[in-house]
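Note sheet for the following structure.
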Amino acid sequence: MSSNRFDGKVALVVGGANADESRLLGFAGLSALEIARDGGKVVIGDIDDEAGNRSVKKMKDAGLTADYVHMDVTSESDWKSAVDLTNELHGRLDIMIMAAGIPDRGVTLDTTGVDSWRRVMDVTNMGMFLGTRAVVDPMRNSGGGSIVLISSMMAKVVRDQANAYATSRAGMTHFARSAAVQYGSDNIRVNTVLPGWTLTPFTAGAFDDEWADRLGKRVPLGRVADASDIAGPILFLASDEAKYVTGSELLADGGVTGWIGPMD
C-alpha cells in the first residue's frame, strides 16, 4: 500500500538497475521501486543497461514514473547527463542514492594489483565525489535534498581480504560527514547506510545456501539480510522522516559489528 511519503519528490538512484520483482532484487533497486510506489518520480542510473531497461519497463507498465540512464559513476560527463536528464524530465532533484560498488573478493594486500585497487577506489570514492558535486546545485534549486551513500559494515570491521573494498567504504562514511557539514546550510542532508551480509545480485555469486546459513550463525538476528532489510534504512534517510538527520552512519547489519561472535 502506498504511503505517498515521496509525493512530489524526484530521485536519482544510481546502481539501482535490479528493481524487477520477478528476479532477485537489489536494495537500491527496491528503494527506487518503493519511492515510485510512494508517489515519487525516479531516474535509475546503472551500467547494466539490460537490467535497468527491463526494470523501468515493468515499473512503467505498473503505472509508475521511472526512467533509465546509462551511467558509469567514474565518469563526470555521465553524472552530468544523468542530472540533466532528471531536470529535463521533472524540473527538480530531491534525492540521490549512490549504491554503485565493485568487490575485491579473495585477494589480500599482498595479492591486490594496483589497477584493481584503483578501480575499487574510483567506483566508490570517485563516484561519490562526482555524484555529490553533480547533484548539489539542482538540490539547492529544489530547496534542499537528501544524499544517501551506500557504504558497508566493512567500514567498521575488517577481514584478511577485501582490503580495498573496506578502505573505500570507510572513506565514504567520512566523506559523508564532510559533505553534511558543507551543505547543511543548503538544507542538503548527507548520510550513509552500512549494510551487513545481504543476498543481492551483487553478492549472489558468493552466497550459496550453505554459506548463507554459516553467516547467519554470526548474526545476532540469526540470518543474512535481503533487499528489504536494507531498503528500509535507505528510504528512511531519503525521506522527510529523517529531516534532522545528517552526517550519520546507519548500521543495518543485524548486529554483527556489535558481537564478538559464537564462542563454540
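Coordinate-derived values only; no laboratory data. Predicted model, so just to flag it, every value in this text is computed and none were measured. Please note: Cβ atoms are built from the backbone with ideal geometry, for glycine as well, and neighbour counts cover all protein chains shown.
Amide H to amide H, with H built 1.01 Å from N, Ser248 comes under 5 Å of Thr192, counting only residues 5 or more places away or on other chains. Dimensions of the chain from C-alpha coordinates, computed as largest minus smallest value along each principal axis and given longest first, are 56, 37, 35 Å. Label-to-label distance, Asp110 versus Val157, with points set 7 angstrom from Cα along the beta-carbon direction: 2.5 nm. Across region 199-204, computed HN-Hα scalar couplings (Karplus, 6.51 cos²θ - 1.76 cosθ + 1.60, θ = phi - 60°) run 7, 9, x, 5, 10, 4 Hz from first to last residue, x flagging Gly and Pro.
Rounded to the nearest 10 degrees, the angle from helix 27-37 to the longest Cα principal axis of the chain is 30 degrees.
Order the peptides 255-262, 98-105 from the highest to the lowest mean number of other Cβ atoms within 10 Å of their residues.
Top of the packing list down: 98-105, 255-262.
Highest GNM mean-square fluctuation, the chain, Cα pairs closer than 10 Å: which of Gly171, Gly131, Gly113? Most flexible of the set in this elastic network: Gly113. If you take the beta carbon distance between Asp240 and Leu85 as r and set R0 to 22 Å, what does 1/(1 + (r/R0)^6) give as a FRET efficiency, to the nearest 0.05? My answer for the efficiency is 0.35. Between the Cα long axis of helix 127-141 and the first principal axis of the chain there is an angle of about 30°, rounded to the nearest 10. Amide H to amide H, with H built 1.01 Å from N, Thr198 comes under 5 Å of Ala225, counting only residues 5 or more places away or on other chains.
Between the helical axis of 76-90 and the longest alpha-carbon principal axis of the chain there is an angle of about 50 degrees.
Scanning residues 5 or more positions from Ala162 or on other chains, those with amide H under 5 Å from its amide H are Gly106, Val107, with H placed 1.01 Å from N in the peptide plane. For region 58-173, a/c is not less than 1.5, where a ≥ b ≥ c are the root eigenvalues of the C-alpha gyration tensor, and a/b tops b/c. That puts it in the prolate class. Taken one residue at a time, the phi angles of region 227-232 give Karplus couplings (6.51, -1.76, 1.60, θ = phi - 60°) of 4, 5, 5, 9, 4, x Hz. Gly and Pro are set to x.
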